[in-house]
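What follows is one structure encoded as structure tokens, with my remarks underneath.
The values are calculated or read from the model by the stated rules, or taken from the named source; none is laboratory data. Note that this is a predicted model, so its numbers are computed, not measured. Here the Cβ is made from the backbone with ideal geometry for all residues, glycine too, and neighbour counts use every protein chain on show.
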Amino acid sequence: MVRRIVRVLAALVVAVAAAAAVVVAQSPAWASGPARGNGKSEPVYFIHGIDWNHATAGNAKVDCKSAWSSAQTALRNGGWTGKFITWGYYKKDVNCTRKVNGNLDSRIQELGRRLAWDIYNNYSRHGKSVDVVAHSMGGLVVRAAITGVKKYHQNADWPNYIYIEDVATFSTPFSGTNWATTCTLARGWKQCSDMRPGSGFLSWAGQNPQSNQGTDWTLMGASDDDVVTSGAAISMKAKHKAVYAAGQGLEHSSIKNKGPGPHWKMKYSHDNGSHWTNTSNGPGPLKLMMNALYYWSRS
């Protein structure tokens, strides 16, 4: 009997030690994530903006293929080989790789949580990182995904970690937009409410949030944009920022579709706006997007 008890206890000790070894061995690796580096092979997520063209919340609808055709063509022509994932968040969205059944009353924080799980389940838990391109409110969804994981990773409702290496945003209202205030009064949609200057969501969202791997943000805005001011588009803390000069046809809906080549009037900063460089021969929005996704760090 004594021998049997000794054998059982010994087996328990070995099992506990093995389990502890697994935790010790895995935790640092998962915490740091895959190695960062320049490249064109990572999967790229594309997150569209809000749809304000429908009178009722449940009728919101975006064609993911149409929304991202120009950006994806530019990347493929530039040598990108990784998988492209168009991620939608309206029930009636079409031509999306994956989507969730949301509407205009789906809170941005919740959409960020759903995006975080999508990235985790398909890539992060397999030790793979992704890049993200986002337009308008889509940039806030990505911001919410990273912020939420950082704040609530010990909560079962959120993943423990995600790996997002680079994010490029087109005209995202990081400090809100007055258009959203008008929209809230006229329609009452919760997504508009979240994008109001000074909203609870914007107060919650992080400044330059970082995934477990580290995340390099590039923010783009345009002086011609009448929906999201260039100041709002670059108002979050981020290493890379760019503002395109007026008179170049970069409206809110078109900025994500133009400029694979050079010769654009713009100013840019690689130190969170502390120092700016003006040029009339800068990369267009799509070219800057490509630079943002290729370089994991640029000074």
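For the stretch 90-134, name all the residues that are surrounded by fewer than 20 Cβ atoms within 10 Å (Cβ to Cβ) and hydrophobic (A, V, I, L, M, F, W, C).
94, 100, 117
Of the numbered conditions (1) surrounded by 15 or more Cβ atoms within 10 Å (Cβ to Cβ); (2) touching a Lys or Arg at 6+ places or on another chain (Cβ under 8 Å); (3) among the charged types (D, E, K, R), residue 271 fails exactly one; give the number of that condition.
Against the list (1) surrounded by 15 or more Cβ atoms within 10 Å (Cβ to Cβ); (2) touching a Lys or Arg at 6+ places or on another chain (Cβ under 8 Å); (3) among the charged types (D, E, K, R), residue 271 comes up short only on (1).
Every residue, every condition in (1) on the phi > 0 side of the Ramachandran plot; (2) hydroxyl-bearing (Ser, Thr, Tyr), yes or no:
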| site | (1), (2) |
| --- | --- |
| 232 | no, no |
| 247 | yes, no |
| 252 | no, no |
| 260 | no, no |
| 267 | no, no |
| 270 | no, no |
| 274 | no, yes |
| 280 | no, yes |
| 295 | no, yes |
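Taking the options 247, 259, name whichever one is touching a Gly at 6+ places or on another chain (Cβ under 8 Å) and in a loop (DSSP other than H, G, I, E, B).
259
Across the stretch 242-261, what is the total count of residues that are surrounded by fewer than 16 Cβ atoms within 10 Å (Cβ to Cβ) and closer than 18 Å to residue 72 by Cα?
The number of residues fulfilling the criteria is 2.
Can you find a residue in the stretch 181-202 that is modelled with pLDDT of 95 or more, surrounded by 17 or more Cβ atoms within 10 Å (Cβ to Cβ) and within 12 Å of the chain's Cα centre (by Cα)?
No: the stretch 181-202 contains no residue that is modelled with pLDDT of 95 or more, surrounded by 17 or more Cβ atoms within 10 Å (Cβ to Cβ) and within 12 Å of the chain's Cα centre (by Cα).
State all residues of the stretch 52-92 that are without any contact (Cβ under 8 Å) to a residue 40 or more places away in the chain, closer than 23 Å to residue 130 by Cα and not small (Gly, Ala, Ser); if no residue qualifies, say none.
Within the stretch 52-92, 62, 63, 64, 65, 72, 73, 76, 90 qualify.
For residue 261, only one of the following conditions fails: (1) out of contact with any strand residue (DSSP E or B) (no Cβ under 8 Å at 6 or more places or on another chain); (2) modelled with pLDDT of 95 or more. What is its number?
(2)
Sort out which residues of the stretch 152-193 are touching a residue at least 24 places away in the same chain (Cβ under 8 Å) and either within 17 Å of residue 212 (Cα to Cα) or basic (Lys, Arg) (or both), and write them in order of number.
158, 159, 160, 161, 162, 163, 164, 165, 166, 167, 187, 190, listed by residue number.
Provide a single number: the residues in the stretch 33-63 that are part of a loop (DSSP other than H, G, I, E, B) and among the aliphatic types (A, V, I, L, M).
Of the residues in the stretch 33-63, 5 are part of a loop (DSSP other than H, G, I, E, B) and among the aliphatic types (A, V, I, L, M).
Would you confirm whether any residue within the stretch 203-220 is surrounded by fewer than 18 Cβ atoms within 10 Å (Cβ to Cβ), over 19 Å from the mean Cα position of the chain (by Cα), at pLDDT 95 or above and of a type outside the set (Asp, Glu)?
no
Give me the pairs, please: first residue somewhere in the stretch 222-237 and touching a residue at least 40 places away in the same chain (Cβ under 8 Å) and surrounded by 21 or more Cβ atoms within 10 Å (Cβ to Cβ), second residue anywhere and of a type in the set (D, E, K, R) and assigned to a helix (DSSP H, G or I), beta-carbon distance under 8 Å, and either six or more positions apart or on two chains.
Between residues of the stretch 222-237 that are touching a residue at least 40 places away in the same chain (Cβ under 8 Å) and surrounded by 21 or more Cβ atoms within 10 Å (Cβ to Cβ) and residues that are of a type in the set (D, E, K, R) and assigned to a helix (DSSP H, G or I), the close pairs are 236/143.
For the stretch 36-87, what are the residues that are aliphatic (A, V, I, L, M), within 14 Å of residue 168 (Cβ to Cβ) and under 18 Å from the mean Cα position of the chain (by Cα)?
44, 47, 71, 75
Restricting the search to the stretch 264-299, which residues are among the aromatic types (Phe, Trp, Tyr) and at pLDDT below 95?
295, 296 - these are the residues of the stretch 264-299 that are among the aromatic types (Phe, Trp, Tyr) and at pLDDT below 95.
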